[in-house]
Amino acid sequence: MTCKECGQVVKLARTMQYLNNTELSSHEGTRCQFNGGRCAIKLGIDVHQDFYVVVEQVGGSNPKPPQRFAKAAFLHWAAKLKRQAREVYAVYEACGFGFALQRQLSALSIHCHVVCPQKLDEQNRRVKTDGLDAKALCLKLDRFVQANRDALALVRVPSEKEEQLRAVHRQREQLVKVRKQLEAQGRSLLVNHGIEPVKNWWKPRTFAALQVPEWMKELLQNSQPILLALQEKIAALTLQLQNAATTNQPRGLGALTSVIIDREIGDWRRFNNRRQIASYTGLCPGEYSSGNTRLQSCVTKHGNPRLRELRWWN
């Protein structure tokens, strides 16, 4: 073997060793590394009230160790990443903190996705930390960016106007729930002392005619003004929602129900057919099939529970 051939063999061996030591998780990383371009950056975010835990992946390389940021510091860091990279993608799970983070990142021209909460321990190690959750989200996002659309279960982000509209009937729903709880507590007090429960005992005429001991009436009187105030607010919100309904309502559909359905759906154009609407409401049958066995069960209840409640009321 000549010296030239030996040099080529050594060069090839060094190249193979370099490739083996560089663990790439996607073709994107290979293209960025060997073409000299700026790679896309993926961010998996585990959201908390006071801080964010973030895992960063540059191109197709391995995810970096998790980092913990205060809210303002994270936005400053994300803006810096956007200036350095060609594209920046981010993902976090839908939670009680709403969609403010998604809108803030979108304002920085970052592609931010919100996904359904899910079990991220795919290997069933029974170990859960903020860093592991952020890493799992980052890896799912990497597959999603590589055109695997089933990697993420996306949540539609409503506009701020849509959130403001649906907040009205959701507040009414909460007030009705509190009213029912207080009313049930009063009936429970009557039943516990051998007195026949009275429906709507808190209403003025019914409460005045209530035949109970004086001490019990004093206890009930602590809740009655609250119930009357709740009923007044509920009636005002109900009237506000009914006035917002269109004039031409479908047959068998009340004004209040129609407004709530429209505001919960948001944009009807996002559905392509009736099956997608049924899936969104969770009113389609579940199925468990394997081999020659096919079993269809009750409705999946996967989707918006408020729409299912409206369906049964009608």
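Counting only DSSP beta bridges with both residues in the chain, what percent are antiparallel, rounded to the nearest 5?
65
Note the direction-averaged projected area, equal to a quarter of the hull surface, for the Cα convex hull of the stretch 271-314, in nm².
The directionally averaged projection comes out at 3.8 nm².
Which of rounded, prolate or oblate describes the stretch 22-145 when judged by the alpha-carbon gyration tensor and an a/c cut-off of 1.5?
Judged from the Cα gyration tensor, the stretch 22-145 comes out oblate (a/c at least 1.5, b/c at or above a/b).
Let me know the shape class of the chain, please: from the alpha-carbon gyration tensor, a ≥ b ≥ c as square roots of the eigenvalues, rounded when a/c is under 1.5, otherwise prolate if a/b is greater than b/c, or oblate.
prolate
In the stretch 107-191, with Lys and Arg counted as +1 and Asp and Glu as -1 at Cβ, which of these residues, Val191, Ala147, Ile110, has the Cα nearest the positive end of the dipole, that is, farthest along it?
Farthest towards the positive end: Val191.
Among rounded, prolate and oblate, which fits the stretch 209-311 when a ≥ b ≥ c are the square roots of the eigenvalues of its C-alpha gyration tensor, a/c under 1.5 means rounded, and a/b larger than b/c means prolate?
Oblate.
With +1 on each Lys and Arg Cβ and -1 on each Asp and Glu Cβ, how big is the dipole of the stretch 22-145 about its Cα centre, in debye rounded to the nearest 20?
Once rounded to the nearest 20, the dipole reads 240 debye.
Quick one: putting +1 on the C-beta of Lys and Arg, -1 on the C-beta of Asp and Glu, what dipole do you get for the chain around its Cα centre, in Debye to the nearest 20?
In debye, rounded to 20, the chain gives about 560.
Taking the square root of 5 times each eigenvalue of the Cα gyration tensor, what semi-axes in Å does the equivalent ellipsoid of the stretch 160-267 have, largest first?
They are 36, 14, 11 Å, listed largest first.
Take the alpha carbon atoms of the stretch 250-314, find their center, do the same for the stretch 112-132, and report the distance between the two centers in whole angstrom.
After rounding, the separation between the Cα centres reads 27 Å.
Collect residues whose amide H, placed 1.01 Å from N in the peptide plane, falls under 5 Å from the amide H of Thr300; neighbours closer than 5 in sequence don't count.
For Thr300, whose amide H was placed from the backbone, the distant partners under 5 Å are Cys284, Gly286.
Please compute the Kirkwood hydrodynamic radius over the stretch 196-245, one decimal place, Å, based on all pairs of different Cα atoms.
12.4
Where a number appears in this text, it was derived from the coordinates with a stated rule and is not lab data. This one's a predicted model, so the numbers in the text were calculated from it and none came from an experiment. In this analysis, Cβ positions are derived from the backbone assuming ideal geometry, glycine residues included, and neighbour counts consider all displayed protein chains.
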